[in-house]
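Sharing a structure below in structure tokens format, with a few things to ask.
None of the figures in this text is laboratory data; all of them are computed from the coordinates on show. Computed from a predicted model, the values in this text were never measured in an experiment. With ideal geometry, Cβ positions are generated from the backbone for all residues, glycine too; neighbour counts draw on all protein chains shown.
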Amino acid sequence: MPRRHVFSHATAARLWGLPLPDEHPLPLHVSAPAPLRQPRVAGVVGHRLGKDIRVGRIRALPVVAVADAWCQLATTLAHDDLVAAGDRIIGWPRPLGSLDAIDAAIERFGSRRGAVRLREARADLRVGSASRRETRLRLQVVRAGFPEPELNARIGLGGSRSTPGDLVFRDYRVLLEYDGEQHRDDEAQFHRDVERLNDLAAAGWIVIRVGRRLPLPRALDQLERALRTRGWRGTRVSGGRLAAFAGWRRTASGGTGNSIGFAP
């Protein structure tokens, strides 16, 4: 790659570790600053690098800064995917950047194509998400009319003991937990989870565990019942707004555990 050319767009996002719906690594996206010509090579999409775009390095590779790479995704990603990628930048437990850095990158992005979509996504970014699936779950919970949860917040268990929770409804002592595959495949992790859930129950928390097997409407039903038993009097949104969300799919529920279905 010629000097001063940099990886950008989806390629830069992947190098930074931002979650994208398409896992295929090709084509490579490479940007060149003026007056250099944009690359024209098989398997490469060439772009013009704006003079105000920040550049850094990852393992000696020249790459657009993470917040600027996120802005470049606005021309190709749907809203929820763009929010999930942005949430990773400010995610838990190891953020890649800050909201201030994202806001500065948006200002640098200016009125380029995708600017409106970018600002809409910025309004839905929240600090503390641990995964793409957590972000998408949060968005659906809020769209359904439920209170906004805290993300991966500490929950006191008495004395000096505490534990993080995925989606925490602190005022109602309700916790929505997303279980990844490791929670079932790792025996040690499984036993730690059992002990932790027992501690949460003893501290008066209602825990709803979600994963791959329970359809979204059923998970939201369980959340509504839990919140209402704790005094929530809000209005739930249902119907077409949830059905229109293409990121979820209905799956057959199996076993006795609580889980939730996601499209890949």
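Counting DSSP beta bridges with both partners in the chain, what percentage is antiparallel, nearest 5?
Working: 17 of 29 bridges.
Bridges in the chain that DSSP calls antiparallel: roughly 60 percent.
Figure the gain on full extension for Thr163 and Arg4 (residue separation times 0.36 nm, minus the Cα-Cα span) and round it to one decimal in nm.
On the way: separation 159, 0.36 × 159 = 57.24 nm, distance 4.62 nm.
Here the segment from Thr163 to Arg4 would lengthen by 52.6 nm.
Considering the chain as a Gaussian network with a 10 Å cut-off on Cα pairs, which listed residue, Val66, Val116, Val41, attains the greatest mean-square fluctuation?
Val41
Please report the net charge: other residues with Cβ closer than 14 Å to the Cβ of Gly86, K and R +1, D and E -1. Show your work: numbers first, answer last.
On the way: positive: Arg88, Arg117, Arg119, Arg122, Arg126, Arg132, Arg136, Arg138; negative: Asp68, Asp80, Asp81, Asp87, Asp100, Asp103, Glu120, Asp124, Glu134.
With Lys, Arg at +1 and Asp, Glu at -1, the neighbours total -1.
At what distance in nm do the modelled label points of Asp186 and Arg225 sit from each other, each positioned 7 Å from its Cα along Cα→Cβ?
3.1 nm
Just to confirm the number: angle between the C-alpha axis of helix 99-109 and the first principal axis of the chain, 0 to 90 degrees, nearest 10?
Approximately 40 degrees, to the nearest 10.
Pull out a ≥ b ≥ c, the square roots of the eigenvalues of the alpha-carbon gyration tensor of region 132-243, then state rounded if a/c is under 1.5, prolate if not and a/b is larger than b/c, and oblate in the remaining case. Let's see the in-between values first.
Working: a/c = 2.10, a/b = 1.33, b/c = 1.58.
It comes out oblate by the Cα gyration axes.
Another one. Just grab the label-to-label distance for Leu197 and Val142, each label 7 Å out from Cα along the Cβ direction, in nm (one decimal).
Taking the simple label geometry, Leu197 and Val142 are separated by 2.8 nm.
Between Arg54, Arg132, Arg192, find the one with the highest GNM mean-square fluctuation for the chain; connect C-alpha pairs within less than 10 Å.
Arg192
Out of the DSSP beta bridges found with both residues in region 12-169, what percent are antiparallel (nearest 5)? Mind showing how you got there, number by number?
On the way: 11 of 17 bridges.
Rounded to the nearest five, the antiparallel share is 65 percent.
Another one. Would you please give the FRET efficiency between Leu96 and Arg48, computed as 1/(1 + (r/R0)^6) with r the Cβ-Cβ distance and R0 = 30 Å, to the nearest 0.05? Spell out each step's value before the answer.
Details: r = 25 Å, r/R0 = 0.83.
That pair, Leu96 with Arg48, gives E of 0.75.
With each label point set 7 Å from Cα along the Cα-Cβ vector, what nm distance links Ala34 and Arg57?
2.8 nm
Tell me, what is the FRET efficiency for Ala123 and Asp22 to the nearest 0.05, using R0 = 30 angstrom and their Cβ-Cβ distance as r? Please list the in-between numbers first.
Details: r = 24 Å, r/R0 = 0.81.
Efficiency at R0 = 30 Å is approximately 0.80.
If you restrict to DSSP beta bridges whose two residues both lie in region 132-243, what percentage is antiparallel, to the nearest 5? Show your work: numbers first, answer last.
Details: 10 of 15 bridges.
That works out to approximately 65 percent antiparallel.
Which length gain, in nm to one decimal place, applies between Ala115 and Thr76 when the Cα-Cα distance is subtracted from 0.36 nm times their residue separation?
Values: separation 39, 0.36 × 39 = 14.04 nm, distance 1.18 nm.
Taking 0.36 nm per residue and subtracting the Cα distance, the gain is 12.9 nm.
Please check: in the Gaussian network model of the chain (C-alpha springs, under 10 Å), which one of Gly158, Gly128, Gly204 has the largest mean-square fluctuation.
Comparing Gly158, Gly128, Gly204 in a Gaussian network model of the chain, the most mobile one is Gly158.
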